[in-house]
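**Q** The following block contains the structure, expressed as structure tokens.
The values are calculated or read from the model by the stated rules, or taken from the named source; none is laboratory data. Here the structure is a predicted model, which is why all the values come from computation and not from measurement. Counting neighbours? That spans all protein chains shown, and the Cβs are built from the backbone with ideal geometry, glycine included.
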């Protein structure tokens, strides 16, 4: 197993390098640069050119790429053009918010999605199943930015129970902190809850039809033991794959939700940087996101081995 | 040096400013209360806090609470003195001598002298975005601690208008910042609020500067100057891009003030007693640059067919939900330079005549591309309506929505496939006739074809000896914009600011001014 993990980590480097090169090239191809944003819309072309020179954006493509790669070899993600600080510092300041949001959303997804899927499978083809699956379908179909706005209007404006946006640090109180993240986590997680409920239902249904389940029932085991001990564990292999994907999606989905709720996390940093063409931050953010995807995939593969003794990587 | 007093324009402006200031100071003094934090939700975050290095309004909104200018603009956008105690112009019009107010301190505790003013002007001449005018300066000096002198290369009667412009304000930094590169100056000023914290994509925090010395020549808020008092302990500017979140935050009391409420929401909120809405008429001019190099728009008759066929009432109504004014000027009524020159081409909405002109001009059905910015809903909506109107005239039209940096980059490239590039002229027209027309001057004109006649008129306006002479030249410039179809003006948009009802003393302006404002 240890050898396998080392191989996978080493194999990640070319992937990350390719991500870096592609993102660098794409950003160079997209029209517009930070000079236009910095100078503002009232600036003339000559004024923007002067700002461009001062920001060092007049350097040739290969010079800029070489400088970025050289910095990368020394662990330096560069300096943000618009934030006035190192990219790694800017990311380090924001990543805890994004990870907390993704984790809270992830826990909500697991706590609601898996039980709903199990209940629907156990009550397959009844009104309960249909009701759960209808709600799951709605969850999968709703765009999360729209859901976010609706939740703000309902819980903040109409009921006045939750803040309309903004982040409160845990140092200012656990309850205000929790409230500042609850609506964003729900908005982010609803789609994934629906997805997880549907996957859990279908895999559970398949497992429940297996001979060993019939045997377990025939032995007279109570339903909760049949489901909890025999069915659920075996249904978890495909579910774990989906869970890995879901966590990755929750991390990337934060780009939209953090913007809607004005949360100063990595997602909003990336969105702001893209719209202002802050190249170093975009590249650093994408590199980190790609690294997280690679890491989550590796973790999922390792989890397989723990859940299914038949899986061996050596 | 023989000295004569201020120009007629400047004197008149000062008189108006005094009247306005008295009027605006009407709030009873006993009602004012020190303390509290005002949370201000704004649409965009500032890309920098260095005022010399940006014309971005998000920057001005925040840092004009922190910095001050030698000369600035009053409530009517006319020049007024701020850190200058007095000002004189030599009879040959080449030398401007400013006396600096005494006792002013920077936020770092250092006393401000003419050396700081000189260093700030020198820095602006080096890194300022709109430093083009500074090329007309022959020499600057600070002969003593209270005096700052500017010598021009040639007579420039509009010099004070340029030094007081607030598109890219020439704010005064401590002299130690002189050699800082653009975007790298420390946020230290002389204003009523001082810098605390900036998290670029999140918020900026400011606090009251207890060492602030108000300008006792005035009695209240007046443009960017006047008698300023910081009643609030702290200002917390938060970047809230999503309009629904801004409105919700205002309704729940999470925010005290916002610079922009969508018109539809404003209609719903007008009876909400917890909020006060402040419609600011003529916030910006909705328009579109016309690419005169891209066929068939290299044919003026075809451009004219579009110009006279469009219905600006309908376009502006849909774009702004009824929050607009129609007038042909690139200055606003009441402004010293206002003119309706070119009105015969504005909002003609004669589709039949346009169709005939299109036929005789030899239009062969070439596709017209309308490049617009969905980030600004009103611009996008205006473009959608215009597509339909142009189709009715007989044009083949395609909408090309792009993000802001893409639009800004492409509109400066004539061969990047657009015919109309939608824009909003906000600060430019408010600053004056130069700001309103500068983007059409020279080889980098946004109409893409340099017009020597237009350039000559612009130069003539800069050197016009009297206000009347400059006004006459501006009328010719405006006429030329219409006559040559360099830009389509649609109308003037009304922006709605909002404050919670417990926010007192707030007077809407082009930036939210948080001095002389308190919480009840």
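**Q** Just need a number here: residues in the stretch A:1-32 that are surrounded by fewer than 17 Cβ atoms within 10 Å (Cβ to Cβ), within 29 Å of residue B:401 (Cβ to Cβ) and either in the same structural domain as residue A:281 (by TED's automatic domain parsing) or touching a helix residue (DSSP H, G or I) at 6+ places or on another chain (Cβ under 6 Å) (or both).
**A** Residues in the stretch A:1-32 being surrounded by fewer than 17 Cβ atoms within 10 Å (Cβ to Cβ), within 29 Å of residue B:401 (Cβ to Cβ) and either in the same structural domain as residue A:281 (by TED's automatic domain parsing) or touching a helix residue (DSSP H, G or I) at 6+ places or on another chain (Cβ under 6 Å) (or both): 1 in total.
**Q** For residue B:225, are the conditions met, namely being crowded, with 20+ Cβ neighbours inside 10 Å, within 24 Å of the chain's Cα centre (by Cα) and either more than 8 Å from chain A (Cβ to nearest Cβ) or on the phi > 0 side of the Ramachandran plot (or both)?
**A** Judged against the criteria, residue B:225 is a match.
**Q** Now a separate question. Any residue at all in the stretch B:208-221 that's buried (at least 20 other Cβ atoms within 10 Å of the Cβ), under 26 Å from residue A:82 (Cβ atoms) and out of contact with any strand residue (DSSP E or B) (no Cβ under 6 Å at 6 or more places or on another chain)?
**A** No, the conditions are met nowhere in the stretch B:208-221.
**Q** Filter the stretch A:33-56 down to the residues that are more than 8 Å from chain B (Cβ to nearest Cβ) and assigned to a helix (DSSP H, G or I), then identify the one that is surrounded by the fewest Cβ atoms within 10 Å (Cβ to Cβ).
**A** Only one residue fits best here, namely A:53.
**Q** Further, regarding this structure: For the stretch B:57-136, please list each of the strands (runs of 3 or more DSSP E) lying entirely inside it that holds at least 1 residues being surrounded by fewer than 20 Cβ atoms within 10 Å (Cβ to Cβ).
**A** Filter on the stretch B:57-136 gives B:84-90, B:95-100.
**Q** For the stretch A:210-245, give me the residue count where each residue is part of a helix (DSSP H, G or I) and over 22 Å from residue A:304 (Cα atoms).
**A** Adding up the residues that qualify gives 9.
**Q** Within 11 Å of chain B (Cβ to nearest Cβ), out of contact with any helix residue (DSSP H, G or I) (no Cβ under 6 Å at 6 or more places or on another chain) and in a helix (DSSP H, G or I): is that true of residue A:156 in this structure?
**A** No; evaluated as a whole, the condition is false for this residue.
**Q** Hey, can you tell me all the residues within the stretch B:179-197 that are over 20 Å from residue A:56 (Cα atoms) and in contact (Cβ under 8 Å) with a residue 40 or more places away in the chain?
**A** B:187, B:188, B:189, B:190, B:191, B:192, B:193, B:194, B:195, listed by residue number.
**Q** I would also like to ask the following. With respect to the numbered conditions (1) closer than 25 Å to residue B:396 by Cα; (2) in contact with a helix residue (DSSP H, G or I) (Cβ under 9 Å, 6 or more places away or on another chain), which one is the sole condition not fulfilled by residue B:364?
**A** The failed condition is (2).
**Q** Can you tell me which of B:191, B:182 is out of contact with any strand residue (DSSP E or B) (no Cβ under 7 Å at 6 or more places or on another chain), assigned to a loop (DSSP other than H, G, I, E, B), crowded, with 22+ Cβ neighbours inside 10 Å and at pLDDT below 90?
**A** Sole residue among the options that is out of contact with any strand residue (DSSP E or B) (no Cβ under 7 Å at 6 or more places or on another chain), assigned to a loop (DSSP other than H, G, I, E, B), crowded, with 22+ Cβ neighbours inside 10 Å and at pLDDT below 90: B:182.
**Q** All but one of (1) buried (at least 20 other Cβ atoms within 10 Å of the Cβ); (2) modelled with pLDDT of 90 or more; (3) in a helix (DSSP H, G or I) hold for residue B:435; which doesn't?
**A** Result: residue B:435 passes all but (2).
Yes or no, residue by residue, for (1) outside the structural domain of residue A:252 (by TED's automatic domain parsing); (2) modelled with pLDDT of 95 or more; (3) out of contact with any strand residue (DSSP E or B) (no Cβ under 6 Å at 6 or more places or on another chain); (4) under 25 Å from residue A:272 (Cβ atoms):
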site	(1), (2), (3), (4)
A:88	yes, no, yes, yes
A:98	no, no, yes, yes
A:102	no, no, yes, yes
A:115	no, no, yes, no
A:135	no, no, yes, no
A:149	no, no, yes, yes
A:158	no, no, yes, no
A:174	no, no, yes, no
A:198	no, no, yes, no
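**Q** Hey, among the residues in the stretch B:194-207 that are away from every other protein chain (no Cβ under 14 Å) and surrounded by fewer than 21 Cβ atoms within 10 Å (Cβ to Cβ), which one's farthest from residue A:258 (Cα to Cα)?
**A** Ranking the qualifying residues of the stretch B:194-207, first place goes to B:207.
**Q** I'm checking my understanding of the structure. Among residues of the stretch B:386-405 that are surrounded by fewer than 19 Cβ atoms within 10 Å (Cβ to Cβ) and part of a helix (DSSP H, G or I), which one is nearest to the other protein chains (Cβ to nearest Cβ)?
**A** Looking at residues that are surrounded by fewer than 19 Cβ atoms within 10 Å (Cβ to Cβ) and part of a helix (DSSP H, G or I), I get B:387.
**Q** If you go through the stretch A:100-112 one residue at a time, do you hit one that is within 30 Å of residue B:59 (Cβ to Cβ) and assigned to a helix (DSSP H, G or I)?
**A** yes
**Q** If you take the residues of the stretch B:153-167 that are under 21 Å from residue B:127 (Cβ atoms) and touching a helix residue (DSSP H, G or I) at 6+ places or on another chain (Cβ under 7 Å), which of them is surrounded by the most Cβ atoms within 10 Å (Cβ to Cβ)?
**A** B:165
**Q** Could I ask something else about it? Go through (1) out of contact with any helix residue (DSSP H, G or I) (no Cβ under 7 Å at 6 or more places or on another chain); (2) away from chain A (no Cβ under 13 Å); (3) buried (at least 17 other Cβ atoms within 10 Å of the Cβ) for residue B:423 and report which single condition fails.
**A** Here residue B:423 clears every test but (2).
**Q** Taking the criterion of being within 21 Å of residue B:492 (Cβ to Cβ), at pLDDT 90 or above and either more than 8 Å from every other protein chain (Cβ to nearest Cβ) or touching a helix residue (DSSP H, G or I) at 6+ places or on another chain (Cβ under 9 Å) (or both), would at least one residue in the stretch B:452-473 satisfy it?
**A** yes
**Q** While we're here: Which of the numbered conditions does residue B:418 fail, given that it passes all the others? Conditions: (1) touching a helix residue (DSSP H, G or I) at 6+ places or on another chain (Cβ under 8 Å); (2) modelled with pLDDT under 95; (3) within 13 Å of chain A (Cβ to nearest Cβ); (4) over 24 Å from residue B:479 (Cβ atoms).
**A** (2)
**Q** Ok, one more. Could you look through the stretch B:246-264, keep only residues that are assigned to a helix (DSSP H, G or I) and modelled with pLDDT of 90 or more, and pick out the one that is surrounded by the fewest Cβ atoms within 10 Å (Cβ to Cβ)?
**A** Here the answer is B:252.
**Q** When the stretch A:252-278 is examined, which residues are found to be outside any loop (DSSP other than H, G, I, E, B) and facing chain B (nearest Cβ under 7 Å)?
**A** Selection gives A:259, A:260, A:268, A:269, A:272, A:275, A:276.
**Q** Being away from chain A (no Cβ under 14 Å) and without any contact (Cβ under 8 Å) to a residue 12 or more places away in the chain narrows it down to one of B:260, B:233, B:271, so name that one.
**A** Sole residue among the options that is away from chain A (no Cβ under 14 Å) and without any contact (Cβ under 8 Å) to a residue 12 or more places away in the chain: B:271.
**Q** So, one more: Among B:383, B:408, B:375, which is farther than 22 Å from residue B:300 by Cβ, assigned to a helix (DSSP H, G or I) and within 14 Å of chain A (Cβ to nearest Cβ)?
**A** B:408
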